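K.L.:
This structure is in C-alpha cells; I'll ask about it shortly.
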Amino acid sequence: MTAPLLHCENLHVRFRTQDGEVLAVNGVDFEVRRGDCVGIVGESGSGKSQTAMALLGLLADNGVSSGSVRFRRKEILNAPAEQLNRIRGSRVAMIFQDPMSALTPFMRIGRQLCEVLQEHTAMSRREITARVMEVLEIVQIPEPKRRFEMYPHQLSGGQRQRVMIAQALLCKPDLLIADEPTTALDLTIQAQILDFFKSLKKRTTIVIITHDLGVVAGLCNRVVVMYAGRIVEQGPIEEIFMGPQHPYTRALLAAVPRPDWDPDKPLPMIGGQPPLATRLPKGCSFAPRCAHAVDRCRQETPELRGRQHLKACHLDLPQ
Amino acid sequence: MSGPAAMGYRGGDGDAVGELQGRSLWNDAVARFRRHRAAMASLWVLGVITVLAVLVPEFWPNSLDEVNWDYIQSPPTTENLLWFGTDVNGRDMFSRTFYGARISLTIGVLTTLVALIVGVLYGAIAGYRGGPAGDIMMRVVDVLYSLPTLFFIIILVTIFGNNFLLIFICIGAVEWLTLARIVRGQTLSIKEKEYVESARAAGLSTPTILLKYIIPNAIGPVIVYVTLLIPINIIVESYLSFLGLGVQEPFTSWGRLISQGANEIGTAPWLLVIPAAFLVVTLFCFNFIGDGLRDSLDPKEHTR
Amino acid sequence: MQDNGAGGRADKKVLNYALRRLLVAIPTLFVIITASFFLMRVAPGGPFDLVPDLDPLLIENLRKAYDLDKPLFEQYANYLGRLAQGDLGPSLVYRDRNVAELIAEGLPVSAQLGLTAIAVGLFFGMLSGIVAALRKNTAADFTVMAIAMTGVAIPTFVTAPLLTLFFGLYLGWLPISGWNGGQFTHIVLPVCALALPSIAGIARITRGSMLESLSAQHVRTARAKGLPESKIIIRHVLRPACMPVVSYLGPAIAGAMTGSVVIETIFGLPGIGRAFVEGALNRDYSLILGIVIVYASLIILLNLLADIIYGYLDPRVRPR
C-alpha cells in the first residue's frame, strides 16, 4: 500500500485569547489519498477550518499547533516558512470562504494571479500571462482578458470565487483545500461552483471543508465529521450516509431537509448548543446534547476506533 | 479599530465569550476601571495636584505676587520654603506653579463644560432631526472641522479681548465639534431603538425625549471624549497664554509660566522645567484616565 | 466604472474630480472670508485703541485713510473687489506695507518649515510604526509606542524650549534662533520640534493600521500562495496600511500650521505664523484676515491632495 498524500496525526490547535487558552482542535487524525475527495463536516466552531489552516501554517498569530502533518511523507507542521512556501500555492493550494475579502482589494486580478507563477515557476512573463488566461478559461470566467485588468470589487461574487479557484489551479497542485468555498455565495452560484468542483475531481485531490452535508453528498468519497475539536466519525461516503453510527452524525443527517420533507412539520433540530471551547465537558463532548448518553459518556472520552468506518462513541446504536 | 475582518482571522472560530453575568454594566465598568493601574494611579496624581492647586495659593506663606528681594531668580532651595526657586521678579515659583495649576485646570474643566453643553445639544438635535436640516447642521461642523480650531480661537480672542471668562467661552465655542459628531452618531442609532419609538408613540415632546432617552444613553463615549477634551483645552489655554493672548498678569497659568521660563531658558531652566513637568504629568494623567474609561466602558473595543 | 488601465483617461478623471472639488471649496472659502470679515469689523475696539492718548481727530483721519468710516457693506464689497485682484489691503499697523507683501515675505519660510516637518513626520512616523507592528509586543514596539505616546501628549510649546535647552544651550550643537535663509543648522531644531507630534501621531496610526492590515483575510491568501513574508508585506500589507495615514494628513497639516505659529515665535523665524500672532497682539485686522485666507486655502488644497492620493491607493473610492 502506498503512503497517503497527506497524513495528519494527533493535531492540536490552541489559541491564546483574553479569556484564556482555547483548544480549537483536540487530537485529530486522518489521511488523504491521491485521487480522494474528502469532506470535513461540522458546525461552526467544530475546529474544521482551523484544522485546514493548521495544515499549511496559516493560523492567526495567536494560534499554536502541535502533532504531525506529513505531506508526501515530509513533515510540514510548523516547518520553517521557506520550506512551507515551496509547497503552499504550488503543491497544496487553498480556496477560502469569502472571495471578496480573500482577494487583495487594491490589486488587479491579473497581477494577483501572475504573482503565484512568478513565485513558483521559472516561466517567462509571456508564458505566465498565457497560463493565467488558460486557467481563467478553465474556470469559465467570461471575457478573461477584461477581467484580467479588473479589481476584485468590479467582479460578481461567483466570478470572484472562480478567480480564487483559478489562483489555486495555476500550478497544478497535488492537493486542493477548499474552506467553505460556497458558503458566501448566492444559492444558484453555489450550485454552479459545486458543479465545477465535481469536474475538478479529475484534476486533483480535494479536501473540502463545509457545514453543509449536501455539498459533501454529491462530491466526496470520504467524510470526516467533527464536533468540538474532535473527529466523531469518519468513513466512506455511502457508509456514513446510509449507516451513520455516531448519534451526532445521525442528528446532522436528520436535520438535512429532504425532497420528501413535509413542510408542515417542524424541521428536526439538534437541541442545545455546542460547548464552548474554553469549557469542554468531561467525557464525550456531545454527551450533554445526546439523546442516548449514558453515565460512561459523561465520564470517559471515547476513542476514535474502527477500520474503514471509524467512530468515537461508547455506544453501539441499532441501525 | 479592529473591524470584523480583523476579528474573523483571529483564532478560534467559536465565540469564546462567556454568558452575560448578572451584574450590572455599571458595576462591571467600575471594576474594570479599578483594575486599570495606570488610570487609577493617574486619578491619585491628579487628585493630589488638584488639592494643592486649591490649598497652596490660599495658605502658602509666600504669595504668588510677593517680591523676595533677597532671592531674585533663585534656583530651587529649602530656604524660606522656596522649593521651586523664584522667577526674574523674585516671586515664589511654588506658589505660582500651583496658582497656574488652579487656572489651567479650571479653564480646562470649564471650557470642556461649555463644549459639552453645546456639542451634546447640537449633535443630539442634528441626529434626532435627521433629514436635510440635520445634514446641513453636520455640513457646518464638517466645514469648521477642516480648519485649525486654534486660529479661530485666536481670532475670537483678538476680537473680544483677553478676558478670563471670554477665553473659556471662546475655547468651548470651538472645541465642541467632535462631541457633536459623537453624539449625533449615537443618536442616530439610539433613535431607532424600541424604547424611543414607544416614547414617541406615547406622545412625549421632542425635548423630553432628547433629555430623558437619547442623551443619557449616548453618554458612554461622551464621558471618554470629555476626559480627552480637558487636556486638549488645557493645551489650548496654555498655547494662547504662551503666545501672550491668554491669561494676563497678575494672574498666571502653566502656559504663561512656561512662556516666561522659555525666555529665561539660558539662565534659569527651572522656570521652564517645573511648570512644564506639571503640565505634562497632568496631560498624561488625563490621557491614561481616558484610556482606562474607554477600556472599561466599552470592553469590545481596544482589544489590542 | 473605469476598467481598462488606460492611464490618460484615469488622469483626466482625477483632474475632473479635483476641479469639481475646488468648485465646492470656493463657497466654503467665501463663508470663511465673510464670517471673519464681519466678526472683525463688529468687534469692539480697533488697532488704534492700543496706543494710549491718541488724538481723537487723528483716529478719525486714520479711520478715513483705511476706509473704516464707510458703511460696513461698502467696506465688505470693496474688500472682495480688491481680493479678486489679489490685493489683501494695507496693513493697519505696519505703515506703508500691504498685507500681500507681508504674506509673500513670510510664506516661503513657513512653507519650507511646514513641508519639511510633514515630510520628516511621514518618514519617521511610518518607519517606526511599521517596525513596531512587525515587532509587535517586543522591546522595540514598546519603546516606539512609549515615545509616540509622549510625543502626542506633550505640546509643541513645551518640547521646543526643552529641545533648545538641551541641544542648543547644554550641548551647544545647534543655533537656538534665527532663520538665516533656511540654513540647515538653523532649521534642524524648529523642524524637529514641529515634526515631533506628527511623527508620534503617524507612528501610532501606522502601527494600528499595519496590525489590522496584517490580519486581513487577503494576507492569509497571500501566505497560502507561498509568497515570502517580505513580498507579502510590500505588495499586500503596506498599501492599505498607508490609507489611514493619508486620512490623518489633513489633521496633521492643520496641526503643523498651528504648531508653526508657536515654533516661529520661539525660534524667531520670519514666517506668517509669527506675523499672525503679531497681528493678533496688535489687532491688525487686515493682516489677520489675509493670513486666515491663506491658511484656509492651503488647508483646502492640501486636503484635496490627500483625497487624490487616497483614491490612488484604494481603487474602490476612485472617482468615477
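The values are calculated or read from the model by the stated rules, or taken from the named source; none is laboratory data. What you see is a predicted model; the values in this text were computed from it and never measured. Neighbour counts are summed over all protein chains in view; Cβ atoms, including those assigned to glycine, are modelled from backbone coordinates with ideal geometry. With ligands, DNA and RNA removed, areas are computed over all heavy atoms of the protein, side chains included. Shrake-Rupley method; radii C 1.70, N 1.55, O 1.52, S 1.80 Å.
K.L.:
Can you flag which of B:193/C:136; B:191/C:12; A:74/C:231; A:282/C:225; A:48/A:198 are past 32 Å Cα-Cα?
P.N.:
Those over the limit are B:193/C:136; B:191/C:12; A:282/C:225.
K.L.:
Moving to a separate point now. Could you tell me what percent of the DSSP beta bridges with both partners in chain A are antiparallel, to the nearest 5?
P.N.:
Around 60 percent antiparallel, to the nearest 5.
K.L.:
Viscosity 1.306 mPa s, temperature 10 °C: Stokes-Einstein D of chain C from its Kirkwood Cα radius, in µm² per second?
P.N.:
Value of D from the Cα-based Kirkwood radius: 70 µm²/s.
K.L.:
Moving on to the next point. Remind me, relative contact order of segment C:263-319 in percent, using alpha carbon pairs under 8 angstrom and six or more residues apart?
P.N.:
Relative CO of segment C:263-319 lands at 16 percent.
K.L.:
Rank-order B:51-63, A:273-285, C:277-289 by packing density, defined as the average count of other C-beta atoms within 10 Å over each peptide's residues, highest first.
P.N.:
Order by mean packing, descending: C:277-289, A:273-285, B:51-63.
K.L.:
Quantify, in whole percent, the carbon and sulfur part of the accessible surface of the protein assembly as shown (1.4 Å probe; protein heavy atoms only).
P.N.:
Here it works out to 60 percent.
K.L.:
Aspartates and glutamates within cross-link reach of residue B:212: Cα-Cα under 16 Å, excluding same-chain residues under 8 positions apart?
P.N.:
Counting by Cα, and skipping residues close in sequence, residue B:212 has these aspartates and glutamates nearby: B:192, B:194, B:197.
K.L.:
Let me ask something else. Alpha carbons only, please: Rg and Dmax for chain B, in angstrom.
P.N.:
Computed over the Cα atoms of chain B, radius of gyration and Dmax are 23.3, 76 Å.
K.L.:
Taking amide H positions as placed in the peptide plane 1.01 Å from N, state which residues far from residue A:226 in sequence (5 or more) or on other chains have amide H under 5 Å from it.
P.N.:
Answer set, sorted by chain and number: A:41, A:42, A:232.
K.L.:
Could you tell me, in Å, what Rg and Dmax come out for the Cα atoms of chain A?
P.N.:
Using the Cα atoms of chain A, the pair Rg, Dmax is 20.5, 67 Å.
K.L.:
What ³J(HN,Hα) values, in whole Hz, does the Karplus curve 6.51 cos²θ - 1.76 cosθ + 1.60 give for segment A:27-36 when θ = phi - 60°, with x put for Gly and Pro?
P.N.:
Computed from phi, the couplings for segment A:27-36 are x, 10, 10, 6, 9, 10, 9, 3, x, 5 Hz.
K.L.:
What aspartates and glutamates does residue A:145 reach when the alpha-carbon gap must be under 19 Å and sequence neighbours fewer than 8 apart in one chain are set aside?
P.N.:
A:115, A:127, A:134, A:137, C:3
K.L.:
Moving on to the next point. For q values of 0.13, 0.21 Å⁻¹, compute log₁₀ I(q)/I(0) with the Debye formula on a Cα-only model of segment C:238-320, without solvent.
P.N.:
-0.53, -0.92
K.L.:
Could you give the Stokes-Einstein D for the protein assembly as shown in µm² per second, using the C-alpha Kirkwood radius, 20 °C, 1.002 mPa s?
P.N.:
In µm²/s, the coefficient rounds to 66.
K.L.:
Return the long-range amide H neighbours of residue A:27 (sequence gap of 5 or more, or a different chain), with a cut-off of under 5 Å between placed amide H atoms.
P.N.:
Distant-sequence amide H within range of residue A:27: A:11, A:12, A:13.
K.L.:
Continuing with the same structure: Sequence gap at least 6, Cα distance under 8 Å: using those rules, report the relative contact order of segment A:168-319 to the nearest whole percent.
P.N.:
Once normalised by length, the contact order is 20 percent.
K.L.:
³J(HN,Hα) across segment A:223-240 via Karplus (A = 6.51, B = -1.76, C = 1.60, θ = phi - 60°), whole Hz, x for Gly/Pro?
P.N.:
Once θ is set to phi - 60°, the couplings for segment A:223-240 become 10, 10, 9, 10, 8, 6, x, 10, 7, 9, 7, 8, x, x, 4, 5, 5, 5 Hz.
K.L.:
Sticking with this one: Charges on Cβ only, +1 for Lys and Arg, -1 for Asp and Glu, centred on the Cα centroid of the protein assembly as shown; of C:149, C:313, A:103, which one is farthest towards the dipole's positive end?
P.N.:
The one lying farthest along the dipole's positive direction is A:103.
K.L.:
Also: Taking a temperature of 20 °C and a viscosity of 1.002 mPa s, what whole-number D in µm²/s does Stokes-Einstein yield for segment B:82-148 with Rh from Kirkwood over alpha carbon pairs?
P.N.:
140 µm²/s
K.L.:
Give me the percent relative contact order of chain A, please, defined on Cα pairs under 8 angstrom at least 6 residues apart.
P.N.:
Value for chain A: 20 percent.
K.L.:
Near the amide H of residue A:62, under 5 Å away, which other amide H atoms are found, from residues 5 or more places off or on another chain, if H is placed in the peptide plane?
P.N.:
B:11
K.L.:
Below 14 angstrom from the Cβ of residue C:264, what's the summed charge of the other residues (Lys, Arg +1; Asp, Glu -1)?
P.N.:
-1
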